[in-house]
1. So what J values fall out for region 29-41 if you push phi through Karplus, 6.51 cos²θ - 1.76 cosθ + 1.60 with θ = phi - 60°, rounded to Hz, Gly and Pro as x?
2. Any chance you could list P(r) for the chain, counting all Cα-Cα pairs in 5 angstrom bins from zero, rounded to whole %?
3. Pairs of alpha-carbon atoms within less than 8 angstrom and 6+ residues apart define the contacts here; what relative contact order does region 64-179 have, in percent?
4. Compute the label zone of Thr154 within region 95-128: residues whose backbone N is under 17 Å from the point 7 Å along Cα-to-Cβ.
5. Compute the relative contact order of region 1-120 as a whole-number percentage, counting only Cα pairs closer than 8 Å that sit 6 or more residues apart in sequence.
6. Once phi is turned into ³J(HN,Hα) by the Karplus curve 6.51 cos²θ - 1.76 cosθ + 1.60 with θ = phi - 60°, what whole-Hz value does each residue of region 65-75 show in order, with x for glycine and proline?
7. Work out how much length Phe29 to Leu135 would gain on full extension: take 0.36 nm times their residue separation and subtract the Cα-Cα distance, in nm to one decimal.
8. Give the residue from Ser27, Leu147, His44 lying farthest towards the positive end of the charge dipole for the chain; charges sit on Cβ (+1 for Lys and Arg, -1 for Asp and Glu) and the dipole is referred to the Cα centre.
Amino acid sequence: IEPLESGHLTFTDLLHSWQKFFAFFLSFFIIAVFWKIHHEFYVHIRKIDNKLLWFNIGWLLFIVMLPFSSSLVSSYLFDTAAVFTYSVNVLFVTIFQNIIWDYASGKPEFLKSDVNADLIRDYRLSCNIAMANALGAAALSFLSPILAFLFLLTRLPLFNIAARIYRLRKEKKKRGRFR
């Protein structure tokens, strides 16, 4: 909120700052989604080495940059530079998530015994969808910043569709084994 001439904050002043609240909630939501994915990875990862630790620190760097890039979007939603910066920030988070999963899943001794090839492939696919989504939004930001921003929001429906397909495939395999 900008400094006020009256020196007093009113509820109207708060309402005029809706974009800043939106940016805060967007930032929180995006970070929560990335944290959930990170947590899901580490449910399956039982060992970590120095290299994996540094990949996590790289991931964390771009996570903590999200409030900054979200604030740019809140102030300049229709400007290419703001949406491009935000999209690239999200892209780097997803790149590091992909690196974390690829590195850990490439070392069987790092994974718990219940991890199978299907799970490794499905997480890799979801990471690739996320990277493609962010890369597409970064490119689209040069044509239409608002469409690029909205394109980033398609990630959730894509993940829901992928999760539904995964569950259906898993049920189909399970039924096939018991026949």
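1. After applying 6.51 cos²θ - 1.76 cosθ + 1.60, I find 4, 4, 4, 4, 5, 5, 5, 4, 4, 4, 4, 4, 4 Hz.
2. The percentages, shortest bin first, are 1, 8, 14, 17, 16, 13, 11, 8, 5, 3, 2, 1, 0, 0, 0, 0.
3. 29 percent
4. 126-128
5. Relative contact order comes out at 32 percent.
6. The phi angles translate into 7, 4, x, 5, 5, 5, 5, 4, 5, 5, 8 Hz.
7. Between Phe29 and Leu135, full extension yields 36.2 nm more.
8. Highest projection toward the positive end goes to His44.
The values are calculated or read from the model by the stated rules, or taken from the named source; none is laboratory data. Here the structure is a predicted model, which means the values were calculated and not measured. Note that each Cβ is placed from the backbone with ideal geometry, even for glycine, and that neighbours are counted across all protein chains shown. The protein model used for the area step is the full one, side chains on, heavy atoms only, and it has no ligands, DNA or RNA in it. Shrake-Rupley method; radii C 1.70, N 1.55, O 1.52, S 1.80 Å.
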